[in-house]
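Below you'll find the structure, written out as structure tokens, and then a few comments.
The values are calculated or read from the model by the stated rules, or taken from the named source; none is laboratory data. Since the structure is predicted, the reported quantities are computational estimates derived from the model, not experimental observations. As a convention, Cβ positions derive from the backbone with ideal geometry for all residues, glycine included, and neighbour counts pool all protein chains shown. For the accessible areas, the whole protein counts, side chains as well, though only heavy atoms, and no ligand, DNA or RNA atoms are used. Shrake-Rupley method; radii C 1.70, N 1.55, O 1.52, S 1.80 Å.
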Amino acid sequence: MKERRYDLDWLRVIVMLLVFMFHCSRFFGGGTWLLKNAEESIVALVYVSLIDMWVMPFFFFLSGIGSWYALAYLTNGQYVQERIKRILIPLYTVGFFILLPPQFYFEIYSNAGFTGTFWESIPLYLDREGHFSIGSPPDLLMLSFITHLWFLGYLFLVSLVSLPFMCYLRSGHGLRFIDKLAGWCTRPGGIFIFIIPVLFMRVGLRSFFLGQFAWAEFFEYMVYFIIGYLFVADSRFMQSIKKYGWFGLILGLACWGGQGIFVLGLGYNYPDGESFSLTYVLFETIMSVSRWSWIVIVLSLGAKYLNFNHKVLTYSNEAVLPFYLLHQPVILGVGWFVIQLNIGMGLKFLIITLISFVLIMAVYDLFVRRFNVVRFFFGMRPIKKSPA
């Protein structure tokens, strides 16, 4: 049994907090959202653009790592059952019936001119959902309005689609491939070879699959998931990460600036069915390099400073999934009232952040964590009773 990587557990918790702060910032910057403050902040825009570059690819990367460890002791059938319990049950119970309806109300009230009550929006919500299509991953899951829970839907589908390849990577041929790949990564800058499959997906697919939550994003995230899956199979990957984290920071900052030049300086719209122009290829190259570079620097910092255990980590790591499920509707509910106050944006952000965090943790600790029935619907494992 390999020693547990506490740095990865800490990063999972920290990145979840960054996502929380990301959504608290969305009231004040980052384009259209379910609710928006009347004024926007350049600070919020900068933060949103930076976090948006890498945070969700990083979550899929971490999920791939978790799958490597899970398949070390689970059969394929048990793995699928575990994915259903951890992902689909929260998505189609707590998510569908409790967490998505109020967000749908905020969306149509703010962006579609709806003037009715919350309860009057429920038939509209139910009418919109439940339609099967292969047009996009959410449509395949019959959840066209999915908001932040898209991650769970994508993760379940990615886990299923990737399963045959994950099995191959555990075979003799697959392990030899990982060994060869790890050898390449020991060469100067070799860890950045993973940019190639990301770039292939982004340049090759984004012109064909239009809009948000499209299949192009799905396959890109699957690449990060598979990279994470094979990442913990050989220690040389992390050795290279530690060695070249500084270069990842340089590339990440440079590409982040490049993105800003394209979007703000040149007025370049995010690719949406564009032909394979030079501008398109350059922008997608910048995005691909940036995303992996930020993952490299984050992993490097975690390996250097966070590889230790603590009781706070034990509590927090278990709370990540319920926190993710709860965080956006709570933020929106608090923000609904706060953005109407006649106070500065900084104070609004502080109030939304503090009240939302306290409410989320209170709901989790008092009503979710303590009861096995509720834990089941939030994708958590049951509390094991101590022997008498």
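A single member of TYR324, TYR305, TYR280 is within 26 Å of ASN111 (Cα to Cα) and of a type in the set (Phe, Trp, Tyr), and it is TYR324. Residues of segment 183-197 that are among the small types (Gly, Ala, Ser) and assigned to a helix (DSSP H, G or I): GLY183, GLY190. Restricted to segment 104-121, and to residues there that are open to solvent by less than 70 Å² (accessible area, probe 1.4 Å) and small (Gly, Ala, Ser), the residue that is nearest to the chain's Cα centre (by Cα) is SER110. With respect to ILE178, is the statement that it is open to solvent by 40 Å² or more (accessible area, probe 1.4 Å), among the β-branched types (Val, Ile, Thr) and in a helix (DSSP H, G or I) true? When the stated conditions are applied, ILE178 does not pass them. Taking first residues from segment 198-210 that are under 14 Å from THR279 (Cα atoms) and in a loop (DSSP other than H, G, I, E, B) and partners that are hydroxyl-bearing (Ser, Thr, Tyr) and open to solvent by 50 Å² or more (accessible area, probe 1.4 Å), the Cβ contacts under 7 Å between residues at least 6 apart in sequence or on separate chains come to SER207/SER275.
Can you pull out every residue in segment 224-242 that is of a type outside the set (Ser, Thr, Tyr), in a helix (DSSP H, G or I) and open to solvent by less than 20 Å² (accessible area, probe 1.4 Å)? Residues satisfying the conditions are PHE225, ILE227, GLY228, LEU230, PHE231, PHE237, MET238, ILE241.
Among the numbered conditions (1) within 29 Å of LEU140 (Cα to Cα); (2) assigned to a helix (DSSP H, G or I), the only one that ALA254 does not meet is (1).
Of all residues in segment 142-159, those satisfying the criterion of being open to solvent by 10 Å² or more (accessible area, probe 1.4 Å) and more than 14 Å from PHE225 (Cα to Cα) are MET142, SER144, PHE145, THR147, TRP150. Of all residues in segment 355-388, those being over 19 Å from ARG83 (Cα atoms), part of a loop (DSSP other than H, G, I, E, B) and without any contact (Cβ under 8 Å) to a residue 24 or more places away in the chain number 7. If you check TYR280 against the conditions, is it at pLDDT below 90, under 22 Å from GLY31 (Cα atoms) and in a helix (DSSP H, G or I)? Spelling it out, TYR280 is indeed at pLDDT below 90, under 22 Å from GLY31 (Cα atoms) and in a helix (DSSP H, G or I).
One line per residue, one yes/no per condition, for (1) open to solvent by less than 40 Å² (accessible area, probe 1.4 Å); (2) aromatic (Phe, Trp, Tyr); (3) in contact (Cβ under 8 Å) with a residue 24 or more places away in the chain; (4) part of a helix (DSSP H, G or I):
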position	(1), (2), (3), (4)
PRO102	yes, no, yes, yes
PRO123	no, no, no, yes
PHE132	no, yes, no, no
GLY135	no, no, no, no
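Quick check, is LEU282 open to solvent by less than 50 Å² (accessible area, probe 1.4 Å) and of a type in the set (A, V, I, L, M, F, W, C)? No, not satisfied. Number of residues in segment 321-370 that are under 24 Å from GLY95 (Cβ atoms), surrounded by 13 or more Cβ atoms within 10 Å (Cβ to Cβ) and out of contact with any Pro (no Cβ under 8 Å at 6 or more places or on another chain) equals 21. Being open to solvent by less than 40 Å² (accessible area, probe 1.4 Å) and either over 22 Å from PHE145 (Cβ atoms) or part of a helix (DSSP H, G or I) (or both) is the requirement here; does PHE61 meet it? Against the criterion (open to solvent by less than 40 Å² (accessible area, probe 1.4 Å) and either over 22 Å from PHE145 (Cβ atoms) or part of a helix (DSSP H, G or I) (or both)), PHE61 qualifies.
Taking the criterion of being open to solvent by 10 Å² or more (accessible area, probe 1.4 Å) and either part of a loop (DSSP other than H, G, I, E, B) or under 15 Å from SER63 (Cα atoms) (or both), the residues of segment 15-34 that qualify are ARG26, GLY30, GLY31, THR32, TRP33, LEU34.
Of the residues GLY265, GLY245, which is more than 18 Å from the chain's Cα centre (by Cα) and either among the charged types (D, E, K, R) or open to solvent by less than 10 Å² (accessible area, probe 1.4 Å) (or both)? From the options GLY265, GLY245, the qualifying one is GLY245.
For segment 184-205, state whether one or more residues are surrounded by 19 or more Cβ atoms within 10 Å (Cβ to Cβ) and of a type in the set (Gly, Ala, Ser). Scanning segment 184-205 turns up no residue that is surrounded by 19 or more Cβ atoms within 10 Å (Cβ to Cβ) and of a type in the set (Gly, Ala, Ser).
Within segment 175-188, no residue that is at positive phi sits with its Cβ atom under 8 Å from a residue that is open to solvent by 80 Å² or more (accessible area, probe 1.4 Å) and part of a loop (DSSP other than H, G, I, E, B) at 6+ positions apart or across chains.
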